[in-house]
Amino acid sequence: TKTDHMGMHWEQWEAIAEKGIPGGPRQRGEIVMPGYDRRKLYGCSGGGMEDRGDYTVVAKAIEAMEKYAREDKPFFIHCGPTGPHDPYIVPQKYIDLYDPRAIDLPPNYLDDLLDKPRIYQRHHKYLWAQLGCDEVRESIAHYWAYCTMMDDYRKMVYEAVDALGLRDNTILIFTSDHGDYAGAHGLYCKGIPAFDEGIRVPLIVRWPEGIENPGRVVDEFITLSDFAPTFLDIAGVEQNPTHGASFAPFFRQSEVEGWTGEFHTQMNGVEFYYTQRMTQTKDYKYVFNAFDFDELYDLRNDPFEMKNVADNPIYEEAKRDLVRRMWRFARKTDDIIANRYFTV
């Protein structure tokens, strides 16, 4: 039985109403959330990787794989552990792998955010500015530790495939649904905003029978919308996706003619309703913020997205090109943004 999302929130509200917001000085690695509560951003969980819920998810996936292998049936398994995810609470074994003193702060950590939307500034001011530089380094060490633990879970799956004798004809794809700012721009978590650290996810594919010249790195835009078309393509199933394309051709070559040179993201807020849409090419990123002024980054000269040049007339044509791309994608995907009312 799984507690539903709203039920979990109501339990939190009742606890706060009954006990009040905890007082006292802020503890190391803790974030005091004004008017709400206080939470640890990072820390030690005790126990080992076998004591986590993610271990059960991985074990169940391996169990299913073994069952289908015994029955000699083809299978498709989505093994979806939660980590790595905030808060970065991990076993001591993994924390010991990284020395916070040897970790550099992100190159854009000192971004003052003054040329970016106020919601970014608000998040930093009321939450993340509480952390000293030493705590930021510790938080990054804990996030890396979390990622390393997930690699150990991934190793379990890979070794199970090999032990079943399925290595050559089984496609293993490692990815995620989002990243984490982990101190980039002085921020944490994900969602708003649309900086690279939050939207870039891993994509590693192993398929001995199907990948030519393995070990290649392909530098092209691939999004989560491309996964379903890829699976159907590999399975030989006819398809007509509204958007997204199969990236299976990259298994045979590093360049695919006509592959898209842009990608898009959309954010519809969390419990607060601010909407955001982003369009990116290899040269520029444009962010439409319905709740504030827009953003434009020259990725060739500013890869860490420090300087918002949306109001710089030198970039007017680049901005218009990205806006055109955004509208074309909106039309292609039936995005509901064509309301001509004044306040939209």
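The values are calculated or read from the model by the stated rules, or taken from the named source; none is laboratory data. Quick caveat: nothing in here was measured; it's all calculated off a predicted structure. Cβ coordinates were reconstructed from backbone atoms using ideal geometry, including for glycine residues, and neighbour counts include every protein chain displayed. Please note that ligands, DNA and RNA were not included when accessible areas were found on the heavy atoms of the full protein model with its side chains. Shrake-Rupley method; radii C 1.70, N 1.55, O 1.52, S 1.80 Å.
Figure the gain on full extension for residue 282 and residue 213 (residue separation times 0.36 nm, minus the Cα-Cα span) and round it to one decimal in nm. Don't skip to the end; give the middle numbers.
Details: separation 69, 0.36 × 69 = 24.84 nm, distance 2.51 nm.
Contour length minus Cα-Cα distance gives 22.3 nm.
With a cap of 12 neighbouring Cβ atoms within 10 Å, and only residues DSSP puts in a loop, list the GluC sites (Glu not before Pro) found in segment 242-325.
Working: sites: 255, 257, 262, 271, 295, 305, 316, 317; in loops: 255, 257, 262, 271, 305.
Sparse-neighbourhood loop GluC sites (Glu not before Pro): 255, 257, 271.
Could you give the size of the charge dipole of segment 176-232 about its Cα centre, using +1 on the Cβ of each K and R and -1 on the Cβ of each D and E, expressed in debye and rounded to the nearest 20?
Details: 4 positive and 9 negative charges, 26 e Å.
It comes to approximately 120 debye.
Could you tell me how far the Cα centroid of segment 273-296 sits from the Cα centroid of segment 139-184, in Å?
30
Write out the chymotrypsin sites (Phe, Trp or Tyr not before Pro) in segment 60-123 meeting two conditions: DSSP loop, and at most 13 other Cβ atoms within 10 Å of their Cβ. It would help to have the intermediate numbers written out before the result.
On the way: sites: 68, 75, 76, 88, 94, 98, 109, 120; in loops: 75, 76, 98, 109.
Listed in order of number, the matching sites are 75, 76.
How about segment 21-53: which trypsin sites (Lys or Arg not before Pro) there lie in a loop by DSSP and see at most 16 other Cβ atoms within 10 Å?
On the way: sites: 26, 28, 38, 39, 40, 52; in loops: 26, 28, 52.
Sparse-neighbourhood loop trypsin sites (Lys or Arg not before Pro): 26, 28.
Specify the inter-centroid distance of segment 210-238 and segment 59-137, based on alpha-carbon positions, in whole Å.
Centre-to-centre distance over Cα atoms comes out at 25 Å.
Quick check: with the 1.4 Å probe, what order do 148, 56, 82 take by accessible area, largest first? Numbers along the way, then the final one.
Details: 148 30, 56 75, 82 95 Å².
Ranked from most to least accessible, the order is 82, 56, 148.
List the residues of segment 227-247 whose backbone N lies under 16 Å from a point placed 7 Å from the Cα of residue 68 along the Cα-to-Cβ direction.
Only 228, 230-237 pass the distance filter.
Under 14 Å from a point placed 7 Å out from the Cα of residue 339 along the Cα-to-Cβ direction: which residues of segment 245-274 have their backbone N that close?
Zone members listed by number: 273-274.
With the dipole of segment 104-147 worked out from charges on the C-beta (+1 for Lys and Arg, -1 for Asp and Glu) around the Cα centre, which of 109, 143, 124 lies farthest toward the positive end?
124
Percent of accessible area on segment 208-290 owned by carbon and sulfur, 1.4 Å probe?
Details: 2470 of 4930 Å².
Carbon and sulfur together cover 50 percent of it.
Name the most mobile residue of 107, 91, 25, meaning the one with the largest mean-square fluctuation, in a Gaussian network model of the chain with Cα contacts below 10 Å.
Answer for the Gaussian network model of the chain: 25.
Report the FRET efficiency, 1/(1 + (r/R0)^6), for residue 151 and residue 177, where r is their Cβ-Cβ distance and R0 is 25 Å, rounded to 0.05. Spell out each step's value before the answer.
On the way: r = 17 Å, r/R0 = 0.69.
About 0.90, to the nearest 0.05.
What is the distance, in nm, between label points placed 7 Å from the Cα along the Cα-to-Cβ direction at residue 112 and at residue 134?
If labels sit at residue 112 and residue 134, their model points lie 2.7 nm apart.
Return the FRET efficiency for the residue pair residue 104, residue 311: r is the Cβ-Cβ distance, R0 is 30 Å, and the value is rounded to the nearest 0.05.
Working: r = 31 Å, r/R0 = 1.05.
Approximately 0.45, to the nearest 0.05.
Could you check the simple spin-label distance between residue 234 and residue 97, using points 7 Å along Cα→Cβ, in nm with one decimal?
Using points 7 Å along Cα→Cβ, the separation is 2.5 nm.
Put a dot 7 Å past each Cα toward the Cβ at residue 328 and residue 225; how far apart are the dots in nm?
1.3
Stretched out fully, how many nm does the piece from residue 201 to residue 292 gain, at 0.36 nm a residue minus the Cα gap?
Working: separation 91, 0.36 × 91 = 32.76 nm, distance 2.65 nm.
Value of the extension gain: 30.1 nm.
Over all distinct Cα pairs, what is the inverse of the mean 1/r for segment 56-180, reported as the Kirkwood hydrodynamic radius in Å?
Working: mean 1/r = 0.0570 Å⁻¹.
One over the average 1/r among Cα pairs gives 17.5 Å for segment 56-180.
For the chain, what is the accessible area per residue in Å², given a 1.4 Å probe and the full set of protein chains? Numbers along the way, then the final one.
On the way: 20970 Å² over 344 residues.
Normalised by residue count, the accessible surface of the chain is 61 Å².
Please name whichever of 235, 253, 183 sits farthest to the positive end of the charge dipole of the chain, dipole taken about the Cα centre and charges placed at Cβ: Lys and Arg +1, Asp and Glu -1.
Result: 183, furthest along the dipole toward the positive end.
If you project the alpha carbons of the chain onto the principal axes, what extent comes out on each, in Å, largest first?
Computed over the chain, the largest-to-smallest principal extents equal 58, 54, 42 Å.
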